[in-house]
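To keep things clear, I will list the structure first and then write my remarks on it.
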Amino acid sequence: MTRQIMLSTTLHELRSARLLLDGTVGLVPTMGFLHAGHISLVRRAREECQNVIVSIFVNPTQFGPNEDLSKYPRDLDRDLHLLEEAGADLVWTPTPEVVYPPGFQTWVEVQEMTRPLEGAQRPGHFRGVTTVVAKLFNAVQPTKAYFGQKDAQQTAVIQRMVRDLNFPIEIVVCPIVREPDGLAMSSRNVYLDTEQRKVATVLYRALSAAKEEFEKGGRDAEKLRRTMQEVIAREPLAQMQYVSCADYDTLRELDKVTGKTLLSMAVFIGKTRLIDNFVLE
Ligand code: AMP
């Protein structure tokens with residue numbers, strides 16, 4: 001039986017509803033336009049927590065001036081239907097004014113770990129992410145919060161923030177959910193036309209080629225990066241922004257693969273920027 005889902009918009013509504021909840025609370029922060037990747041997080045929270053709260057907020061401060069904030073896809077009715085089916089109890093959809101009241105000037109910033117990879121390409125992005133996530137944590141006061149491995153650097157940065165600021169919250173990282181052809185699910189995949197959609201598997205193909213090399217004994221990080229670059233270069237419609245073979249914990253680029261390693265990349269397909277990653281253990 002699906003439960004009745006509750007919807008809150010203001011902070012007061014959220015806090016009032018939160019006060020009535022007994023037991024553990026799982027929070028799933030999202031920007032909406034939900035797909036099976038988001039829903040896998042909600043289901044995991046449902047399994048592990050007595051109450052599940054999902055936030056839907058397209059956070060303006062994590063978008064750069066030339067990014068897709070104004071055209072970011074939205075469909076609240078569809079999202080609510082999917083969340084009800086997945087067993088969420090409460091959905092918080094704050095407006096930008098609720099999250100950033102007039103005169104707002106307080107930011108949360110993780111330093112070193114936000115400099116490479118996504119941080120290097122998207123200045124200010126992680127400051128927006130950590131600030132909004134800290135605000136969500138304060139508002140919801142969850143027991144556990146669920147994030148996807150899809151945004152690998154984001155999960156590392158949030159885990160750092162939680163340790164550094166002593167949030168009493170367990171961060172749960174969930175595996176990447178993919179389409180049958182390997183493309184990582186993303187709200188941004190709707191921007192792709194039919195031809196671009198076929199090309200978009202290049203991220204998965206490039207990561208798979210590097211992983212295969214690793215499994216055959218390849219440990220030279222520069223060679224693994226080159227393998228990924230070569231696969232991407234063979235697709236005229238794909239434009240590589242970066243490929244990386246980095247230490248999983250520090251996110252520093254490696255010379256040799258010795259421990260847990262993050263292979264990651266950002267690739268433009270037309271105007272759509274896609275990211276993906278594999279973890280080598
Ligand atoms: P977003 O709405 O893009 O901000 O994503 C909300 C959460 O869903 C983040 O923790 C993402 O990492 C996670 N997520 C997005 N896509 C996927 C996916 N394909 N598989 C698993 N988690 C995902």
Problem - Per residue convex hull volume, Cα atoms of the chain, in Å³ - result: 137 Å³
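List the relative contact order of region 187-280 as a percent without decimals, with contacts defined as Cα pairs under 8 Å and 6+ residues apart.
About 28 percent, as a whole number.
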Handout entry: Cut-off 10 Å between beta-carbons: net charge of the residues surrounding GLY218, Lys and Arg +1, Asp and Glu -1
Key = 0
Problem - Within the chain: Cβ-based charge dipole about Cα centre, in debye rounded to nearest 20 (Lys, Arg +1; Asp, Glu -1) - result: 220 debye
Fill in the blank from the handout: Descending packing, highest mean Cβ count within 10 Å first, for 217-224, 203-210 is 203-210, 217-224
Practice task
Could you point to the residue in LEU280, THR194, MET6 farthest towards the positive end of the chain's charge dipole, with +1 and -1 charges on the Cβ of Lys/Arg and Asp/Glu respectively?
Solution key: LEU280
Handout entry: Signed unit charges on C-beta, dipole axis of the chain, positive-most listed residue VAL98, LEU165, MET228
Key = MET228
Completion exercise
Taking 48-57, 147-156, 93-102 and ranking on average Cβ neighbours within 10 Å, highest first, one gets 48-57, 147-156, 93-102
Handout entry: Against the rule of thumb 2.2 N^0.38 Å, how large the Cα Rg of region 187-280 comes out
Key = 1.07
Exercise for the section: Starting from the amide H of ILE171, placed 1.01 Å from N in the peptide plane, find each other amide H under 5 Å away whose residue is 5 or more places distant or on another chain. Expected result: ALA145
Problem - Integer Hz, Karplus 6.51/-1.76/1.60 couplings in order for region 30-35, x for Gly and Pro - result: 9, 10, x, 6, 6, 9
Completion exercise
Calculated from DSSP helices alone, with each H run of at least 4 adding -39500 (n - 2.57) and the total divided by the residues of the chain, [θ]222 nm to the nearest 500 comes to -11000 deg cm²/dmol
Practice task
Lys and Arg at +1, Asp and Glu at -1: add these up for the other residues within a Cβ distance under 11 Å of PRO116 and post the number.
Solution key: -2
Practice task
Compare the peptides 108-117, 127-136 by average per-residue count of other Cβ atoms within 10 angstrom and give them in order, highest first.
Solution key: 127-136, 108-117
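Coordinate-derived values only; no laboratory data. Please read all numbers here as calculations on a predicted model, not as lab measurements. Virtual Cβ from ideal backbone geometry, glycine too; neighbours counted across all protein chains shown.
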